[in-house]
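Just so it is clear, none of the values below were taken in a lab; they were calculated from the coordinates. Since this is a predicted model, take the numbers as computed values, not measurements. Note that we place each Cβ from the backbone using ideal geometry, even for glycine, and neighbour counts take in every protein chain shown.
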Amino acid sequence: MLPWKSIILLQKEGECPVYLQIANAISLEIKKGHLGPGVKLPGTRQLSDLLDVHRITVVRAYEELDAQGWIEMRPAQGSFTSRDLPESKPRLLTKDQKRASAFAPTTGYDVPVNKWIKTPASPNRHIVGFHDGPDPRLIPVNDIAKAFRSVMVKKVNAKYTSYVETAGVTRFRTILSNYLNDSRGLQTNFENILISRGSTMGLYLLTTVLFTKGDTVIVADPNYYYADRTFLNAGMDLVHVPVDDSGIDVDAIEKVCRKKKIKAIYITSHHHYPTTVTLCAARRIRLLDLAAQFGFIIIEDDYDYDFHYCSSPILPLVSSDTKGMVIYIGTLSKTLSPAMRTGYVIAPVNLIRELARIRQIIDGQGDPILELALCDLFEDGTIKRHLKKSLHEYHQRRDFVCTQLANRFAGIINFRPPDGGLAIWAKFDPAIPLPKLSEQMKAENVILSNGLIHNSGAASLNATRMGFGWMTIDESAKALDILESLVKR
């Protein structure tokens, strides 16, 4: 008999249930060839004594192995490894070989390192701070849970637990189309929408379908980091155009177009990322005219249209597009929760069809259960009520943080209260280097982005997005106290 007590090393306080630890250890021995077909296993009582666990735990482990086909539980005879297992004859290690005591730390072959994209870092959302994004504590958790349960218990939805339309569930695309038509002045139907796992995925699909290496794209300076990296990763050339208080400089765009062929322009028109300014109506009209004149595509990323605190927001460019030159990207991840990965691409049907074709090779479909739950949340008014409540709360948080910054950091932090969104574009005095300040803030258990991600060139902007939506007013007050003490120090 194998030395089961030394083979099955249990972590009774671990996250994995003990019975699964036992089952996994036994199946591993079978995979290694240490147990061939038809070998009798210890009785449940015997193994429970060896491992010092309850007999029922071992019974559950054997039942799990039986269900997976690793063993056969024969009444009045005992438990045996399956007869159908392939015969395995492991070779003995020679004296010059050592058995691996851990998984290999690196590959035995070269792995190319992507030079365009930084290594993923911890989001540090467990630490309070000026995080850019919504407050997950405002999510209507109970309503969302009820919606998910409602979807799962309805027999009519059983078909959605299998494979569905690559572009997204038709019912959800129809409801989303109606919502966007009402709130953004669009004239779409479900065929104009492809559901993605966030807006970044939609942009990645667009670069795969529409662009080839060497194509030129105009982007703002500064611009959304991951948009730039998506284009660069696809081998595209970027031309950066400045941004002022009225949005991206359209005159500069025209000058570039007269010098070279431009394939597309990427803009965040509603609240430019990262500076939060809104592209004015006159520039929007001019940009549409330039697209028609020079034949470039406009990729309009409207990541936070639902959050606007002053006058009515300006409708997106796509609402005025009659020539099919604008592709509209959006997300519900800011509206509800970043964990609910739901973005969308809106475009003419022929492009949506091609995006769905390419989507199949990276992600056969979206999350139909989530999409159906969102259908219920739209139809019963939950999302509308949540937006109204959260918008009021974020408005108050914005006003508080802006007032505090103006009163306590005049001449140190230059900013303009944003009309919407969930962050303030803050430019710090050059005497206060943001990277160092960011480290000092983290040492005090408060997160403040060092702003390096917004530098498109060698020069440092010494500016960052200070999120106000993630913290309550009390939390913001404490964070600002720490910021003030560090700045004065």
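Based on Cα contacts under 8 Å between residues 6+ apart, region 4-81 shows a relative contact order of 33 percent. The rule of thumb for compact globular proteins, 2.2 N^0.38 Å, goes into the C-alpha radius of gyration of region 96-187 1.89 times.
For the residue pairs Lys334/Lys388; Lys154/Lys384; Lys334/Lys389; Lys154/Lys388, alpha carbon separations beyond 18 Å are given by Lys154/Lys384; Lys154/Lys388.
The mean sequence distance of close C-alpha pairs (under 8 Å, at least 6 residues apart), as a share of the length of the chain, puts its relative contact order at 17 percent.
When peptides 353-360, 382-389 are ranked by their average number of other Cβ atoms within 10 Å per residue, the highest-first order is 353-360, 382-389. Close amide-amide hydrogen proximity is noted between Glu72 and Phe80, Thr81, Ser82, each under 5 Å apart and 5 or more residues distant or on a separate chain (H modeled in the peptide plane; Pro and chain starts excluded). Other residues with beta-carbon under 14 Å from the beta-carbon of Lys5 carry, at +1 per Lys or Arg and -1 per Asp or Glu, a net charge of -3.
Working from label points 7 Å from Cα in the Cα-to-Cβ sense, the Asp49 to Leu9 distance is 2.6 nm. Note on Lys159: lysines with a C-alpha under 23 Å away, same-chain residues under 8 apart excluded, are Lys146. Each semi-axis of the equivalent ellipsoid for region 180-257 is √(5λ) with λ an eigenvalue of the Cα gyration tensor; in descending order they amount to 24, 19, 12 Å. Note: region 401-489, Cα convex hull, 100 Å³ per residue. With helices as the sole contributors, the chain gives -12000 deg cm²/dmol at 222 nm; each DSSP H run of n ≥ 4 counts as -39500 (n - 2.57), and the sum is divided by every residue.
Of all DSSP beta bridges confined to the chain, the antiparallel ones make up roughly 60%. Among 475-483, 289-297, the peptide with the highest mean count of other Cβ atoms within 10 Å heads the list, and the full ranking is 475-483, 289-297. Semi-axes of the equivalent ellipsoid for the chain, computed as √(5λ) from the eigenvalues of its C-alpha gyration tensor and ordered from largest down, come to 50, 29, 25 Å.
Between 0 and 90 degrees, the angle of helix 368-379 with respect to the longest Cα principal axis of the chain falls at about 50 degrees.
A Förster distance of 45 Å, applied to the separation of the beta-carbon atoms of Ala25 and Ala458, puts the FRET efficiency at 0.25. Site pair His395 and Ser312 shows an inter-label distance of 1.6 nm when each label is modelled 7 Å from Cα along Cα→Cβ. Counted by neighbouring Cβ atoms within 10 Å, the residues Val209, Val277, Val349 run from fewest to most as Val349, Val209, Val277.
For Lys260, the lysines whose Cα comes closer than 23 Å to its Cα, not counting residues fewer than 8 places off in the same chain, are Lys213, Lys323.
In a DSSP loop and with at most 11 other Cβ atoms within 10 Å, the GluC sites (Glu not before Pro) in region 1-73 are Glu13, Glu15. Less than 5 angstrom separates the built amide H of Arg416 from those of Trp425, all sequence-distant by 5 or more or on a different chain. Full extension of the chain between Ser82 and Asn157 yields a length gain of 23.3 nm, computed as 0.36 nm times the residue separation minus the alpha carbon distance. Short-range pairs are left out: with C-alpha atoms under 8 Å and at least six residues apart, the relative contact order of region 167-223 is 30 percent. What separates the Cα centres of region 235-281 and region 43-70 is a distance of 65 Å. For Asp110 and Glu475, the FRET efficiency from 1/(1 + (r/R0)^6), where r spans their Cβ atoms and R0 equals 41 Å, is about 0.30.
Translational diffusion of region 139-381 was estimated from the Stokes-Einstein equation, with Rh taken as the Kirkwood radius over Cα pairs; at 20 °C and 1.002 mPa s the coefficient is 115 µm²/s.
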